[in-house]
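See below for the structure under consideration.
The values are calculated or read from the model by the stated rules, or taken from the named source; none is laboratory data. None of the values given here were measured: they were computed from a predicted structure. Cβ placement follows ideal geometry from the backbone for every residue including glycine, while neighbour counts extend to all protein chains displayed. These area figures cover heavy atoms from the full protein model, side chains too; ligands, DNA and RNA do not enter into them. Shrake-Rupley method; radii C 1.70, N 1.55, O 1.52, S 1.80 Å.
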Amino acid sequence: MDVKLLKANNMPIQLPVRKKPKPSNIKALCIICIATVLSIVCFTMGLFFHIYKPTQLILDDRLTMRQIMPYYRWWKNTEDVLVICRVFIFNVTNSEQWLQGLDDQLRMEEVVPIVYREMLEHDNVTFHEHNSTMSYITRRRLVFLPDRNVPGILNKTIIVPNISLLGVAARMENDNYFMKRGLNFIYSMSGDTVFSRMTIYEYLWNTRPPFLKQAKKFVPSMVPAENVGVLKTMYEDNEDHVNVRHGKRYGYDQFFMMNSYEHEPTVPGFSLAKGDCFASILNSSEGATYPQNLDERSVLIYWRKTLCRAVPLYFERRVPKGPLTGYKYVLPDDSYDRLPNSTADCYKGQFGLLEDGMTDTSKCSHDVPIVATSPHFYARNFSTGHKISGMRPNRELQHSYAIVDPSFGIPLDQCARTQTNLAIPQLTGYSEDIKRFSEMIIPMFWIEYHQKELPMYIVRTLQAFYVIRDVEPYLPYVLYLAFVLLLSVAFREAARYKVQGKIAPAKYTKQELTNL
């Protein structure tokens, strides 16, 4: 058909349909788009990490203790953190000879440790945004570990001083003659003795001396509790209210420091309203975590209710802990010494000035003159300790320390050890067997809380943090380089397949043109 004839008749010219773009062209377009987007992302991230360090962002975010983050869950849920509590009791081996005056020293024999696991719970967490603090309830309890104890250890019989009787006698030493006569009367009516024979379980959890039962009948106010088992007393009130600081407002060095314990800034039992000494718990930590970004000048203040005070820990050295390196902070040997300013010394004793190396805990022990010392009196030679034998001081086995990750303040390994003793002054106006204990410090037991390691998933997370810290100086430049390489790929693909010419015009054969 003639083309001119077609034009004259206004007939449409039907051309062959153009072919679809080839798959290689679509692939090129995808490469260009993806490479361009990724290059922009790399440049933006490189610029961001050039201004902000990733590890600093992580530590800053932890200050807020956001509940969706792992570090909050580590603190909130401590089931995977194993804290072992070991109790060493002192058994008296020559009670009869000592009472009869045949022996000048009371021989003490350390019983193999009774091993428990301490469970720690954090509950009722409340964030106070107006002052950037956090309140919560902490609960502690002990679980007996049969596989870590000598079989039948709780049924082992021991002989120990009658702490209830001697403690009340020591507390009443400054009272008048008639009060002391009343105590002697109650003591004789009870049929009790100055030494008690009982099982270890009874000593720890179910101590009910006849003297207290009799005293309850005559002077109920003098007996706060009939069961004075040492662990029962320590853990009977296991719910405590804590308020700590958090957030960027306080920074790294005040992170998780205490503002109050049981709604007060002082140790429970010390009342400012009653004129007691200001036994501060401010800036201390319960040991679950410490401030961040620690260094060799940092001082950790450790609070433990069973110790009845907050104590400072000072840097000693760097210590390898598996794949990590921790900072070891130790409790100095002079931590329980008397302060030069006696007025500021809240632990000098309520019933006479204590010697260096003793700290008064009577406020936490129903005003019974209980004192804490280092285990086995290591680093101290008490003048009132000469009537005791069997102490075997060993600093390496008995000192307290905390090995802490310096960036996060998370304890990698920590051990708190302290010995509980009864400090007895010169006794007058009592029966002879009671007066025999005059001017003595009587070891009762010493206790060790040891968190030896962290769960592996926490260790791996800390490892990853330090890997990021090592590479973060080079990270922006790596991202800039990736930006250049990706942009080069995009330009190369654009040059090879020009956007305008990716879909080439259809080609017709001579025969096809003739048919047109």
key: Positive minus negative residues near Asp237 (Lys, Arg vs Asp, Glu; Cβ under 13 Å)   = +1
request  = Using θ = phi - 60° and the Karplus relation 6.51 cos²θ - 1.76 cosθ + 1.60, list the HN-Hα couplings for region 82-97 in order, rounded to whole Hz, with x at every Gly or Pro.
outcome  = 8, 10, 9, 10, 10, 10, 10, 9, 9, 9, 7, 9, 9, 4, 5, 4
task = Let me have the relative contact order for region 336-443, percent, based on Cα pairs under 8 Å that are six or more residues apart.
result = 21 percent
ask   = Can you list residues whose amide H is under 5 Å from Ile301's amide H, if they're 5+ apart or on another chain and H is modeled 1.01 Å from N?
value = Ser285, Leu313
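For Val143 and Arg297, calculate 0.36 nm times their separation in residues minus their Cα-Cα distance, and state this gained length in nm to one decimal. Please list the in-between numbers first.
Details: separation 154, 0.36 × 154 = 55.44 nm, distance 3.73 nm.
Answer, rounded to one decimal: 51.7 nm.
Counting only heavy atoms of the protein chains, get the accessible area per residue of the chain (1.4 Å probe) and round it to a whole Å² value. Before the final figure, lay out each step's value.
Values: 27040 Å² over 516 residues.
The answer is 52 Å² per residue.
Ordering His122, His50, His128 by accessible area with a probe of 1.4 Å, largest first, what comes out? Mind showing how you got there, number by number?
Details: His122 5, His50 95, His128 50 Å².
Heavy-atom accessible area, descending, gives His50, His128, His122.
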request  = Run the accessible area of region 81-454 with a 1.4 Å probe and give the carbon-and-sulfur part as a rounded percent.
outcome  = 51 percent
query = Can you give the charge dipole size of region 79-183 about its Cα centre, rounded to the nearest 20 debye, using +1 on the beta carbon of Lys and Arg and -1 on the beta carbon of Asp and Glu?
reply = 280 debye
key: Contact order relative to length of region 189-284, as percent, for alpha carbon pairs under 8 angstrom and 6 or more apart   = 18 percent
key: Phe256 accessible area, 1.4 Å probe, all protein chains in place, Å² to nearest 10   = 10 Å²
ask   = So, with +1 on the Cβ of K and R and -1 on the Cβ of D and E, and no other charges, what is the size of the charge dipole of the chain about its Cα centre, to the nearest 20 debye?
value = 3660 debye
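What FRET efficiency would be calculated for the residue pair Leu475, Cys30, taking the C-beta separation as r and a Förster radius of 30 Å, to the nearest 0.05? Intermediate values should be presented prior to the final figure.
Details: r = 28 Å, r/R0 = 0.93.
Here the calculated transfer efficiency is 0.60.
If I stretch the segment between Leu397 and Ser488 completely, what's the gain in nm (0.36 nm per residue apart, minus their alpha carbon distance), one decimal?
Working: separation 91, 0.36 × 91 = 32.76 nm, distance 6.42 nm.
Full-extension gain reported as 26.3 nm.
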query = Which Cys residues of the chain have no other Cys beta carbon under 4.7 Å away?
reply = Cys30, Cys33, Cys42, Cys85, Cys415
task = Rank Leu231, Ile424, Pro393 by how far each Cα sits towards the positive end of the charge dipole of region 81-454 (+1 on Lys, Arg Cβ; -1 on Asp, Glu Cβ) and give me just the farthest.
result = Leu231
inquiry  = What does the extension gain come out to for Lys248 and Asn176, with contour length at 0.36 nm per residue minus their alpha carbon separation?
reply    = 20.2 nm
note = Note, region 223-236: 3J(HN,Hα) by Karplus (6.51, -1.76, 1.60, θ = phi - 60°), whole Hz, Gly/Pro = x, goes 10, x, 7, 7, 9, 10, x, 5, 6, 4, 5, 5, 10, 5
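State the volume of the convex hull built on the alpha-carbon positions of the chain, expressed per residue in Å³ and rounded to an integer. Could you put the intermediate results ahead of the total?
Numbers: hull volume 119.9 nm³, N = 516.
In the chain, the Cα hull volume divided by residue count equals 232 Å³.
Using Cα pairs under 8 angstrom and six or more residues apart, how large is the relative contact order of the chain, in percent? Numbers along the way, then the final one.
Details: 910 pairs, mean separation 96.3, N = 516.
Relative contact order here is 19 percent.
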message = Check which residues have an amide H placed less than 5 Å from Asp413's amide H, if you skip close sequence neighbours.
response = Ile403
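Under a Cβ-Cβ cut-off of 14 Å, what is the net charge of the residues other than Pro369 that fall near it, where Lys and Arg count +1 and Asp and Glu count -1? Could the numbers behind the result be given before it?
Details: positive: Arg171, Lys348, Lys363; negative: Glu173, Asp175, Glu355, Asp360, Asp367, Glu439.
Residues close to Pro369 contribute a combined charge of -3.
With every protein chain kept in the model, how would you rank Arg117, Arg392 by accessible area, 1.4 Å probe, largest at the top?
Largest accessible area first, the residues go Arg392, Arg117.
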query = To the nearest 0.05, how large is the calculated FRET efficiency for Tyr466 and Tyr52 if R₀ is 22 Å and r is the Cβ-Cβ distance?
reply = 0.75
query = For His241, what accessible area in Å² do you get when you roll a 1.4 Å probe over the heavy atoms of the protein chains, rounding to the nearest 10?
reply = 60 Å²
message = For region 165-222 and region 236-270, what is the centre-to-centre distance using only Cα atoms, to the nearest Å?
response = 36 Å
